[in-house]
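Structure first, commentary second.
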Amino acid sequence: EHLLVAPKCLQNKVLAMLDEEIAHARNGEEAYAGFKLNSLTDKKIIDKLIEASEAGVKIDMVVRGICCLIPGVEGYTENIRVISIVGRYLEHSRIYLFGADEEDAKVYIASADFMTRNTTKRVEVAAPIWDKAIKERIMAMFHLMLKDNVKARELGSDGNYSRVTDSDVKLNSQEYFFAMSYQQAENTEK
């Protein structure tokens, strides 16, 4: 009832939640979606992301590897930002966020990348996060990754990646999370 499970309903439910954000944007409301994935190749989801961008939904994506969508194309994907973070750690976490209001946002952790082989051909699961503190922590981690300006590369409308250099304060999100985890472990031992 609550899980998004491929191959039966993960893709369709992701598309439906993007449709909800499209409806918000078309009603003049703030609309948002955010994703952390390893790869983006699923044509149905890509087409829906483009439709969402055209409707005015702001979309942030952290896609470590293959990305078959070109962001930042005026009138087409101009509301989509894609960054890739490749660093010391080979991350496999996936996050799906839907909704501009962080209080009511739908947050999922998942096993599935947005690849047809994951969304329609094998068993994958996305689980909703209902605990307020955990939900806030996941969203904060996602937004911190978007601020990475050491290892992050932004995909441009020309199809090329370039360094993110938007701040004088250097932020390597992987190293930040490593230090945070180490500090939490030390505090637990005390």
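The values are calculated or read from the model by the stated rules, or taken from the named source; none is laboratory data. Quantities reported herein were computed from a predicted structural model and do not represent experimental measurements. Here the Cβ is made from the backbone with ideal geometry for all residues, glycine too, and neighbour counts use every protein chain on show. Just so you know, the surface numbers come from the protein's heavy atoms only, side chains and all, with ligands and any DNA or RNA stripped out. Shrake-Rupley method; radii C 1.70, N 1.55, O 1.52, S 1.80 Å.
Among strands (runs of 3 or more DSSP E) entirely within segment 1-84, having at least 1 residues that are among the aromatic types (Phe, Trp, Tyr) singles out 32-37.
Among residues belonging to segment 153-178 that are of a type in the set (A, V, I, L, M, F, W, C) and touching a residue at least 60 places away in the same chain (Cβ under 8 Å), point out the one that is nearest to MET141 (Cα to Cα). Spell out how you get there, then give the answer.
Here is the first cut: in segment 153-178, the ones of a type in the set (A, V, I, L, M, F, W, C) are 155, 164, 169, 171, 177-178.
Then drop every residue that is not touching a residue at least 60 places away in the same chain (Cβ under 8 Å), which leaves 155, 164, 178.
Working: LEU155: 20, VAL164: 18, PHE178: 12 Å.
Filtering first and then ranking leaves PHE178.
Determine whether VAL150 is touching a Leu at 6+ places or on another chain (Cβ under 8 Å), of a type outside the set (Phe, Trp, Tyr), closer than 28 Å to ASP168 by Cβ and open to solvent by 10 Å² or more (accessible area, probe 1.4 Å). Steps first, answer last, please.
On the way: touching a Leu at 6+ places or on another chain (Cβ under 8 Å): yes; of a type outside the set (Phe, Trp, Tyr): yes; closer than 28 Å to ASP168 by Cβ: yes; open to solvent by 10 Å² or more (accessible area, probe 1.4 Å): yes.
Considered against the rule, which asks whether it is touching a Leu at 6+ places or on another chain (Cβ under 8 Å), of a type outside the set (Phe, Trp, Tyr), closer than 28 Å to ASP168 by Cβ and open to solvent by 10 Å² or more (accessible area, probe 1.4 Å), VAL150 comes out as yes.
Taken together, the residues in segment 115-124 that are buried (at least 22 other Cβ atoms within 10 Å of the Cβ) and over 15 Å from LEU18 (Cβ atoms) amount to 1.
Which residue out of GLY87, GLY72 is small (Gly, Ala, Ser), within 20 Å of THR165 (Cα to Cα), touching a Ser or Thr at 6+ places or on another chain (Cβ under 9 Å) and at pLDDT 95 or above?
None of the others qualify; the one that does is GLY72.
Checking GLU74 against (1) open to solvent by 20 Å² or more (accessible area, probe 1.4 Å); (2) closer than 21 Å to PHE98 by Cβ; (3) not hydroxyl-bearing (Ser, Thr, Tyr), which single condition isn't satisfied? Only one criterion in (1) open to solvent by 20 Å² or more (accessible area, probe 1.4 Å); (2) closer than 21 Å to PHE98 by Cβ; (3) not hydroxyl-bearing (Ser, Thr, Tyr) is unmet by GLU74, namely (2). Of the residues making up segment 85-114, those that are of a type in the set (A, V, I, L, M), open to solvent by 20 Å² or more (accessible area, probe 1.4 Å) and outside any strand (DSSP E or B) are VAL86, LEU90, ALA100.
For segment 22-33, the candidate set comprises residues that are buried (at least 16 other Cβ atoms within 10 Å of the Cβ) and in contact with a helix residue (DSSP H, G or I) (Cβ under 6 Å, 6 or more places away or on another chain); within that set, the residue that is nearest to LEU3 (Cα to Cα) is ALA33.
I'm trying to understand the selection: among the residues of segment 10-64, which are among the basic types (Lys, Arg) and touching a strand residue (DSSP E or B) at 6+ places or on another chain (Cβ under 6 Å)? Steps first, please.
The initial filter retains those residues of segment 10-64 that are among the basic types (Lys, Arg), namely 13, 26, 36, 43-44, 48, 58, 64.
Those that are among the basic types (Lys, Arg) and touching a strand residue (DSSP E or B) at 6+ places or on another chain (Cβ under 6 Å): LYS13, LYS36, LYS58, ARG64.
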